[in-house]
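Q: Provided herewith is a single structure, encoded as structure tokens, for subsequent inquiry.
Every number in this text was worked out from the coordinates using simple rules, so none of it is lab data. Note that the coordinates shown come from a computational prediction; the quantities given were computed from them, not determined experimentally. Positions of Cβ are backbone-derived with ideal geometry, glycine not excepted, and every protein chain shown enters the neighbour counts.
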Amino acid sequence: MTAEPQVCGCFRSARGTVIGVVKTWELDRPINGVMSDVLLIEDNQVLRQQLYEGLVDARYRVYDAENGLLGLRLFEQHRPAVVVTDLIMDGGEGIESILTLRQLDREVGIIAISGNSDYLNSSAKLGADRILLKPFRMDDLIAAIESLDNGPR
């Protein structure tokens with residue numbers, strides 16, 4: 001049986017405009033030692049959709065946000081095991097998100113993604129467990145997620 005991603009909520013501005021949508025993937029099998037929840041924070045809509053679809057295809061339950069502020073709200077609501085975050089975004093920078101995530105949960109796995117290696121190196125010093133330089137292959141992201149589930153941070 002194949003499930004479809006479901007919209008499970010949205011964030012609205014003070015004026016009622018939808019500014020973010022929460023989607024999740026309902027799994028049709030137990031997870032048995034494999035992480036099931038991933039929060040994806042990426043401001044580039046095309047890349048966010050590609051990563052979302054790749055993670056869903058790999059059978060992860062994915063929550064996605066277009067900026068760090070929405071991502072932190074989603075994190076507090078769902079407490080995913082892994083957060084994948086871009087570093088340079090409007091509406092909440094990834095470095096700030098990493099620092100806040102570490103304050104909220106010392107054990108959450110954090111993967112920083114960026115096209116700038118200097119920012120990635122800084123993110124590793126500030127709390128990211130894994131870093132990926134854009135562009136990267138979907139297999140590399142999945143391997144990074146799995147390594148956080150199966151090994152030391």
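Q: Look through region 41-58, keep the residues that are of a type in the set (Val, Ile, Thr) and surrounded by 13 or more Cβ atoms within 10 Å (Cβ to Cβ), and return whichever of them is farthest from Ser114 (Cα to Cα). Walk me through how you get there before you give the answer.
A: To start, the set of residues in region 41-58 that are of a type in the set (Val, Ile, Thr) comprises 41, 46, 56.
Still in the running and surrounded by 13 or more Cβ atoms within 10 Å (Cβ to Cβ): 41, 56.
Numbers: Ile41: 12, Val56: 21 Å.
Taking the candidates together, the pick is Val56.
Q: Looking only at residues that are in contact with a strand residue (DSSP E or B) (Cβ under 8 Å, 6 or more places away or on another chain) and in a helix (DSSP H, G or I) in region 80-118, which one is farthest from Gln50 (Cα to Cα)?
A: So the residue we want is Arg102.
Q: Could you check Asp90 against (1) exposed (fewer than 14 other Cβ atoms within 10 Å of the Cβ); (2) acidic (Asp, Glu); (3) within 22 Å of Ser36 (Cβ to Cβ); (4) in contact (Cβ under 8 Å) with a residue 40 or more places away in the chain and say which number it fails?
A: (3)
Q: What number of residues within region 109-118 satisfy the criterion of being surrounded by fewer than 20 Cβ atoms within 10 Å (Cβ to Cβ) and in contact (Cβ under 8 Å) with a residue 24 or more places away in the chain? Write out each step before concluding.
A: Let us first name the residues in region 109-118 that are surrounded by fewer than 20 Cβ atoms within 10 Å (Cβ to Cβ), namely 115-118.
If we keep only those that are in contact (Cβ under 8 Å) with a residue 24 or more places away in the chain as well, we get 116.
So the count comes out to 1.
Q: Just give me the residues in region 53-79 being farther than 16 Å from Leu104 by Cα and in a helix (DSSP H, G or I), in sequence order.
A: Looking only at region 53-79, we keep the residues that are farther than 16 Å from Leu104 by Cα, and these are 53-67.
If the condition is that a residue be farther than 16 Å from Leu104 by Cα and in a helix (DSSP H, G or I), then Glu53, Gly54, Leu55, Val56, Asp57 are the ones that fit.
Q: Any idea which of Leu101, Leu126, Leu132 is in contact with a helix residue (DSSP H, G or I) (Cβ under 7 Å, 6 or more places away or on another chain) and crowded, with 20+ Cβ neighbours inside 10 Å?
A: Numbers: Leu126 fails: crowded, with 20+ Cβ neighbours inside 10 Å; Leu132 fails: crowded, with 20+ Cβ neighbours inside 10 Å.
Just a single option satisfies the conditions, and that option is Leu101.
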